[in-house]
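Input: a single structure, listed below in structure tokens.
The values are calculated or read from the model by the stated rules, or taken from the named source; none is laboratory data. None of these values were measured; they are calculated from a predicted model. Cβ sites come from the backbone with ideal geometry, for glycine too, and all protein chains shown count toward neighbours. Ligands, DNA and RNA are excluded from the accessible area calculation, which covers all protein heavy atoms including side chains. Shrake-Rupley method; radii C 1.70, N 1.55, O 1.52, S 1.80 Å.
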Amino acid sequence: MALRTAKDEPASVSPLDARAALHRVLQSRCFSHSERSSQFLRYIVEAFLSGSEADLKEYSIGLAVFARPASFDPRIDTIVRVQARRLRKRLADYYSGEGHSDPVVIAIEKGSYVPAFRVGNQGTPDRAQPLLENLLARRGAVVWLGLGTCCTLLGAFFLIPRTSSTFAGAALPTDGTVRAPSSALLSVPLTTFGGQERQPDFSPDAERVAFVWDGNTRNNDDIYFKSLKDSHLQRLTTNPAAECCPAWSPDSRRIAFLRAKGAGAQLLTASSSGDDETLITELATFGHQISWAPNGRSLAVEDGPGIRIVSARGGSKRIATTPPNGFSDIWPTFSPDGKVLAFARGNRDFAVYALDVDRDGAPLSEPRQLTAEPYMFGGLDWTPDARALVFGAYTEKVGWRLWTVPAGTVGADAIPTGVVGWQPSFGRRPLSSQVHLVYAAALDDKNIYRIPGPAPPAGASPSSPELIVGSSRNDSDARFSPTGDRILFLSGRSGFGEVWTADIHGANPLRITWSGRSEVGSPTWSPDASQIAFSGMLHEAFDVYVVDGDGGTPRRLTYAPSNEGSPSYSVNGKWIYYMSDRTGRPEIWKVASAGGEEQQVTQYGGYQAIESPDGVWLYYSKSIRRPATPESVPGKGEPGIFRMPAAGGPEERVFEEGVHGRWALSRTGIYILRSGDRAGHRIPSVRQRRRTHPDDIP
């Protein structure tokens, strides 16, 4: 969708650009010390972008932003109007100062709480900050994604253990704008091999993808490539030594790669037939990435702590970068015109650098640091228009993502995209045609099984789990419906973790949410199965949402800047309990299922809450992980199951075991999922504590 200005004139501002503008404002000096103005601005922008413009009324804002009670009367209590004046003044101060050259400006017209967006004074291309999604959407792109299984980290270097993985693809809008997240980046598999694939590289003609695969036997890393036209897979190398870093030549005829040799590597090239390997030179480093100069005369490689430019014909080497002591330069990549060499410099964490080079790759300037902050790094490439660099990086807040930074800036804040992954590589077709991207990302393939309960049907075997929901992607968090005829679960089969339902045997799957993001979890049924509550980070933090049981537009229930999740309905369906960390630690809160004022329930910690079948007690766990000892884990809550009267009162511990996601409450008792046997093997088991009296739960 294209956002409009206050005068209803079309503006070339996408939702992603609008959120980037919001991020810049909230990180500024004008707003970083004003919690009320920041929360006010975040609420109205996110409500507008999510299509909840009806919530941008004085009464609704008073309840959601300023914690006013349901009896709030804006005619008497003018807090919203007062804070709106302060917000407009603060925005004016920001845009007259540090935000004077922002590419997108947020405005709030007097007499309205609906934000307007306009294209600001973008100045030079350095300030444009093109987003990855905008580039792809402008060209009507197809995006190819690489999916692996869980990643491990060795220092600042990225490795993937030998587990199943795939590549995947996605189609984006072609109308020149980025749509809401529900229609962005839908993943479609490109490969579904056993083992793991990584380091994908698009051929410049965007017709083939080269990558490293350890094969069906998972015992040796070799180079393969796959055609996008007919899905033909070809193996390029068969040497018992490990190979890495495939890189297509500019004419798409040859592939350069590294072969491990001792502590270093050989740099080789081969045609697509693989029968004419040519040794170019030997290197001191078995590196991360190779980049051909666009003229095909040289290659940028890692050699020791720095980067070297190697002649493609004679193998002669020239120094390109010399990092400071204790630092390394990795992931080199030439710009599409060959005039700039970008790379990552750091130790454990890495920042993006760039230096000007001549046609032979010789430095013409000192390296300049493009990103303000260093990151745990994983891959780097230029967008085809050379206006931005895209890189893979990990942060504790969002995990692995592709990030983008403008190519012409120095010390800029990188912007995370909605793409979960690393190791990006663009096809280099002319910009008038489709833009293609390939990258790697993690996939953990879980499936859903069913085992007999305490009163199994005749002939059922407790030792024979039955597969009921499975795919080549994650399927998890299953919940039987109260009516017993459907299953609610999470699945990544669409490319992102979304809420799905199916019948009791796993057939007729129905997708419920269309968030276009992977941060959706903890789905739960309402007592009559007409509604589904779930948590999701559809904005800047996790919130609780409700959607119809047959799908539709989710309705947001929580708006605090903190994280809210793990929802569950009260027995009568009038309340939804959930976890919130707004007080500095996880506590149980509740909100009316129809929406309204949020209320804190627990005072001494709480994470996952379930109301007893008679509605008298509220049971909850405090810990989100299984501790190594019975003692509590600092900051993570103590293990065990607790309860308190649903109407309020003191808590008591009723079970010594129990952590988030590993227990359940039924009409007959509490079920605990345990692991581990005397030999130390992790064997799942279910332990039930039965009740002996209707008031004795458990």
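Before moving on, here are some points about what is shown:
- Each residue of the range 68-79 was assigned a 3J(HN,Hα) from its phi angle through the Karplus curve 6.51 cos²θ - 1.76 cosθ + 1.60 (θ = phi - 60°); the sequence is 6, x, 4, 7, 4, 10, x, 6, 9, 9, 9, 4 Hz, with glycine and proline shown as x.
- The range 668-673 - phi-based ³J(HN,Hα) in whole Hz, Karplus 6.51/-1.76/1.60, Gly and Pro as x: 10, x, 10, 9, 10, 8
- Label separation (residue 66 vs residue 322): 6.3 nm, computed from points 7 Å beyond Cα along the C-beta direction.
- 5 angstrom amide H check on residue 608, placed H, neighbours 5+ away: 621
- Peptides 296-309, 394-407 ordered by average Cβ neighbours within 10 Å, highest first: 296-309, 394-407
- Charge dipole of the range 528-599 about the Cα centre (unit charges at C-beta), most positive-ward option of 534, 553, 592: 592
- Taking all protein chains together and a 1.4 Å probe, the residues 624, 106 rank 624, 106 from largest to smallest accessible area.
- Order of exposure, largest accessible area first, which applies to 530, 491 with probe 1.4 Å: 530, 491
- Segment residue 507-residue 59, length gained on full extension (0.36 nm per residue, minus Cα span): 156.8 nm
- Long-range HN-HN contacts of residue 602 with modeled amide H, under 5 Å: 588
- Of 229/397; 397/590; 57/89; 226/261; 57/574; 397/446, pairs whose Cα-Cα distance is over 31 Å: 229/397
- Summing Cβ point charges (Lys, Arg +1; Asp, Glu -1) relative to the Cα centre of the range 70-122 gives a dipole of roughly 200 debye.
- Fully extending the segment from residue 574 to residue 337 would add 79.2 nm, taking 0.36 nm per residue of separation and subtracting the current Cα-Cα distance.
- Report note on the peptides 337-349, 533-545, 79-91: ranked by the mean count of other C-beta atoms within 10 Å, highest first, their order is 533-545, 337-349, 79-91.
- Largest to smallest accessible area among 622, 446, 229 [probe 1.4 Å]: 229, 446, 622
- Residue-level accessible surface for residue 569, protein heavy atoms, 1.4 Å, Å²: 30
- On the principal axes of its alpha-carbon atoms, the range 191-315 has extents of 36, 31, 24 Å, going from largest to smallest.
- The range 647-652 - phi-based ³J(HN,Hα) in whole Hz, Karplus 6.51/-1.76/1.60, Gly and Pro as x: 7, x, x, x, 9, 9
- Scanning residues 5 or more positions from residue 350 or on other chains, those with amide H under 5 Å from its amide H are 375, 376, 377, with H placed 1.01 Å from N in the peptide plane.
- Nearest-10 value in Å² for the accessible area of residue 467, using the 1.4 Å probe: 90
- Charge dipole magnitude, Cβ of K and R +1, D and E -1 - the range 289-372, Cα centre, debye nearest 20: 180
- Placing pseudo-labels 7 Å out from each Cα toward the beta carbon at residue 205 and residue 81 gives an inter-label distance of 6.9 nm.
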